[in-house]
Structures are given as C-alpha cells and as structure tokens.
1. Taking the condition among the basic types (Lys, Arg), at pLDDT 95 or above, farther than 17 Å from residue 227 by Cβ and not in a strand (DSSP E or B), does residue 194 pass?
2. Part of a helix (DSSP H, G or I), surrounded by 14 or more Cβ atoms within 10 Å (Cβ to Cβ) and modelled with pLDDT of 95 or more: is that true of residue 40 in this structure?
3. Does any residue in the range 171-197 that is among the acidic types (Asp, Glu) come within less than 9 Å, Cβ to Cβ, of a residue that is part of a helix (DSSP H, G or I) six or more places away or on a different chain, and which pairs are these?
4. Exactly one condition in (1) closer than 30 Å to residue 11 by Cβ; (2) not in a helix (DSSP H, G or I) is not met by residue 52; state its number.
5. Would you tally the residues in the range 159-176 being in a loop (DSSP other than H, G, I, E, B) and of a type outside the set (A, V, I, L, M)?
Amino acid sequence: MTTSLSNAVADQLAANLNQVRDRIAAACQRVGRSADDVTLIAVTKYAPLEWVRGLIELGVADLGESRPQQLIARAAELPSSVRWHQIGHLQRNKAESLLPVVARIHSVDSMRLMEQLAKSAQQRGCRPRILLEVNVTDEASKDGFAASDLVAAWPAILEQTSLEIDGLMTMAPLGDTAENARPAFRGLRELRDRLVEMSSGRIALPQLSMGMSGDFEVALEEGATFVRVGSGLFEGLPAE
C-alpha cells in the first residue's frame, strides 16, 4: 500500500506520531508501567483517507471510528490487518453490521444494547469483544452506565456468555487542564477493581479505554490500556 501524501504532510504525520508515542512512553515510565501494555487507537473520523493510509504505513495498527457506517466503509478500503474499534455511540439497529469488521466495541452503554449484541453474536456464531461505557461523572450529556447501575446489574451481566466483556471505557469531562480528568479516570479504575472482586474470578476486565489527545497522559498514570488519540496525530496538517 502506498499513499499520495506530499513529503511535508508525510513528515508532519510521522513527527506527530512520534511525539504521541514519546508522551505515552514518558507517562508510563512515571508510574512504572511498560508502554508495551498500552494500545494507541488513532481516531480517524475527521481525517482524509490518505492520512489514514499514511498512519498505517507508519505502523499504526488500531483505528477508531465514531460512526459505524464510516468504519464499515473504511474497513473495506484499507488493509485487512487493521484492527477496528467502534468508539462512538452505537444504535442497536447498527450493532449486527459491525460484528464482522470490529476488533472491539468500546461503547456498549446499556443493557438493551448488550442484549442486542448478544443476540446478533449468537446468530453469527461469534463472540465479540466489548467494553462497557461508564458515565463515571453522571453527566446528563454523556452516554454510559451509571456506576451504581452497573454494579446492580453485574450479577446478571456475569451470566451472559455470548460476549467477551474485555473491560470498561469512559469519557472524561471537559476541563481547563488534563489534571481535571484524573478523578474520572481513577473512578473507572476503582470501579473495574470492584467489579472484578464481585466476579469471584469469573472475569478479569483487563482493558481500560480512557484518555484522548488532551488528557491521555493522566489516563495512563491511572491505568489506561487503550488511549484514543485523534487531533494529536493530525496537528499541523492542512485542512481539506
């Protein structure tokens, strides 16, 4: 696969990616973690396809999209080696169409969506990996389980066998500094630990998807294993 990027665009894209990777490594080092335990998801929803191809050539293997239709369309145009992540709100009637192409769905935000995914997975004979989206800060504008509702539903969730529940995801509140996001990230990690304890060894929830371009370093310090970075990878590139 070759791209038609100009040298200037290709160089800027490479510089941005290297800077993000360096920031990931530094954040992990501060808390005694290995950067190898972190997956960078490049959020490509506003990026031209050639920029996305450029990232793939630079070694980015995990791509995230908010809209199912765009994810499916781009999956058909890009190498099959890409691991696709659905990171935005997912309507139940779009759930089944994603299953053949996604590596993980990060935004399972209700029991009704989980039940629909389980039904579709049974019909297709697959066991998709999902993350449960949690509205840690109880903001009315955000999707996701309330932490208390997820705890209450946990015994029932443990009984389902059609989905591999791989971890939790959250969106931090907007703030003036990255540090303002720390309580949300810490709250997700603490909730994960509580749910694992309630599971009595039945589920590990190894993944925490949290942190975006402006706050992923704080998220990593609080235990993120997936960081979702979009604008940080495309800074300085010309608008379409």
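The values are calculated or read from the model by the stated rules, or taken from the named source; none is laboratory data. Quantities reported herein were computed from a predicted structural model and do not represent experimental measurements. With ideal geometry, Cβ positions are generated from the backbone for all residues, glycine too; neighbour counts draw on all protein chains shown.
1. Against the criterion (among the basic types (Lys, Arg), at pLDDT 95 or above, farther than 17 Å from residue 227 by Cβ and not in a strand (DSSP E or B)), residue 194 qualifies.
2. no
3. 179/218
4. With respect to (1) closer than 30 Å to residue 11 by Cβ; (2) not in a helix (DSSP H, G or I), residue 52 is out only on (2).
5. Adding up the residues that qualify gives 7.
For every residue, the table says whether it meets (1) surrounded by fewer than 16 Cβ atoms within 10 Å (Cβ to Cβ); (2) closer than 21 Å to residue 230 by Cα; (3) out of contact with any Ser or Thr (no Cβ under 6 Å at 6 or more places or on another chain).
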residue	(1), (2), (3)
101	no, yes, yes
115	yes, no, yes
125	yes, no, yes
140	yes, no, yes
143	no, yes, yes
152	yes, no, yes
160	yes, no, yes
171	no, yes, yes
174	yes, yes, yes
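Residue by residue, here is whether (1) over 22 Å from residue 224 (Cα atoms); (2) not charged (D, E, K, R) holds:
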site: 4; (1), (2): yes, yes
site: 15; (1), (2): yes, yes
site: 33; (1), (2): no, no
site: 50; (1), (2): yes, no
site: 54; (1), (2): yes, yes
site: 63; (1), (2): no, yes
site: 69; (1), (2): yes, yes
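For every residue, the table says whether it meets (1) part of a helix (DSSP H, G or I); (2) under 18 Å from the mean Cα position of the chain (by Cα).
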| site | (1), (2) |
| --- | --- |
| 118 | yes, no |
| 122 | yes, no |
| 126 | no, no |
| 133 | no, yes |
| 136 | no, yes |
| 141 | no, no |
| 155 | yes, no |
